[in-house]
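Below is one structure; the comments refer to it alone.
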Amino acid sequence: MNILLTGGAGFIGRWVAKRLIEDGHKLWILDDLSNGSQANIEEFTDHPNLQQFIFGDIKDEALLEKLFQLTKFDICYHLGASINVQDSIDDPRTTFNNDAVGTFFIMEQCRKHQVKVVFMSTCMVYDRCTDETGITEEHPTKPASPYAGAKIAAENMVLSYFYAYGLPVVVIRPFNTYGPHQKTGGEGGVVAVFIKNKLTGNDVSIYGDGTQTRDLLFVEDCARFVVEAGYSNKVDGHIVNAGLGRDVTINELAQIIVGDESRIKHVEHIHPQSEIPKLLCNSSKAKSLLGWDPRVSLEEGIKRTESWIQTSYLL
Ligand SMILES: NC(=O)c1ccc[n+]([C@@H]2O[C@H](COP(=O)([O-])OP(=O)(O)OC[C@H]3O[C@@H](n4cnc5c(N)ncnc54)[C@H](O)[C@@H]3O)[C@@H](O)[C@H]2O)c1
């Protein structure tokens, strides 16, 4: 197939690109490199299936118009977005423009050219989990941050194209994802930041009391889920979750990664009002519609992430 991947130079996008290329598709990657990097996709630049890397913005309608005219795409995997909760609180306009308005521009092209859309939403749209069966797709949403608000707005627009135009679309909500190629600085994911601090001999800082939980999904499991959602028409018109099905408190996570209690510090939360106290995924819909199951345990995923950080950053 001819496939367009937005945000393909980012952390998860890089792994989605890898799968799509390995599966034999022709791939076009569109990314403005606002948070991604060409180093993430360097490995594929000479691969014959990578047709083109387009350095550009999903908000550039003229660019999209040209791109969709030049190639008849079969699927658009739309991952390009502003992803940081705190940034969305500081500057909601940028997040809304990228995540909601940018998604609308992508939808318009996909409608005109009849292209299936896989829209990458997030577990951050959910209200807190209240039991141990986990969050299903029927669980209430809550726009606790402008990031979540923009994603919910975009999800609704994406689904409206299914109802109003019969366009094949799927909204996917992966839970917090970690693994090789995630940024390890302050703006990175919690697993990457904790591992980097452990390896550099720095203390690990936990926002608030650390009792908030996360369901952590290894990036290769996440990418397999994203890719499969595009291949199957059983999920068209649906919202589908993916997660590990196990949640850990941030305190437990710090223990698993760092061990040494004296190196774990608690600091004041930067956005307690937008924190989600418990996130635990119920992926039974992904299992029944896509046959998808996570394969990498938290301990194994942390081990693989740690050895990548060690070789990429520290040697
Ligand atoms: N990391 C997670 O835990 C997680 C979990 C669930 C969903 N998601 C979603 O998955 C997607 C990818 O997230 P990620 O963690 O890989 O983040 P990322 O920042 O590494 O990837 C996003 C990519 O989109 C690009 N981008 C941003 N705005 C753009 C624009 N206007 N035009 C073109 N490209 C643009 C960035 O440069 C970056 O390469 C996002 O949609 C995010 O909301 C992430």
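We did not get these values from a lab; they are worked out from the coordinates using the rules stated. Note that the coordinates shown come from a computational prediction; the quantities given were computed from them, not determined experimentally. Please note: Cβ atoms are built from the backbone with ideal geometry, for glycine as well, and neighbour counts cover all protein chains shown.
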The listed residue being within 30 Å of residue 270 (Cα to Cα) and more than 11 Å from the ligand (Cβ to nearest atom), out of 83, 89, 3 = 89
Only unsatisfied item for residue 26, checking (1) more than 15 Å from the ligand (Cβ to nearest atom); (2) in contact with a Lys or Arg (Cβ under 9 Å, 6 or more places away or on another chain); (3) closer than 28 Å to residue 235 by Cα; (4) charged (D, E, K, R), is (2)
Within region 239-273, residues being part of a helix (DSSP H, G or I), more than 12 Å from residue 209 (Cα to Cα) and either out of contact with any helix residue (DSSP H, G or I) (no Cβ under 8 Å at 6 or more places or on another chain) or without any contact (Cβ under 8 Å) to a residue 24 or more places away in the chain (or both) number 4
Identify the residue in region 162-204 that is of a type in the set (D, E, K, R) and in contact with a strand residue (DSSP E or B) (Cβ under 6 Å, 6 or more places away or on another chain) and, among all such residues, is surrounded by the most Cβ atoms within 10 Å (Cβ to Cβ).
-> 173
Filtering region 121-157 down to residues that are within 16 Å of the ligand (Cβ to nearest atom) and acidic (Asp, Glu), which residue is surrounded by the fewest Cβ atoms within 10 Å (Cβ to Cβ)?
-> 137
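For every residue, the table says whether it meets (1) of a type outside the set (A, V, I, L, M); (2) in contact with a Gly (Cβ under 6 Å, 6 or more places away or on another chain); (3) farther than 22 Å from residue 147 by Cα.
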position: 250; (1), (2), (3): no, yes, no
position: 268; (1), (2), (3): yes, no, no
position: 271; (1), (2), (3): yes, no, no
position: 286; (1), (2), (3): no, no, yes
position: 293; (1), (2), (3): yes, no, yes
position: 307; (1), (2), (3): yes, no, yes
Sort out which residues of region 159-177 are within 16 Å of the ligand (Cβ to nearest atom) and either in a loop (DSSP other than H, G, I, E, B) or in contact with a Ser or Thr (Cβ under 8 Å, 6 or more places away or on another chain) (or both), and write them in order of number.
-> 171, 172, 173, 174, 175, 176
Selected residue (criterion: farthest from the ligand (Cβ to nearest atom)) from residues of region 178-201 that are without any contact (Cβ under 8 Å) to a residue 24 or more places away in the chain and over 20 Å from residue 279 (Cβ atoms) = 201
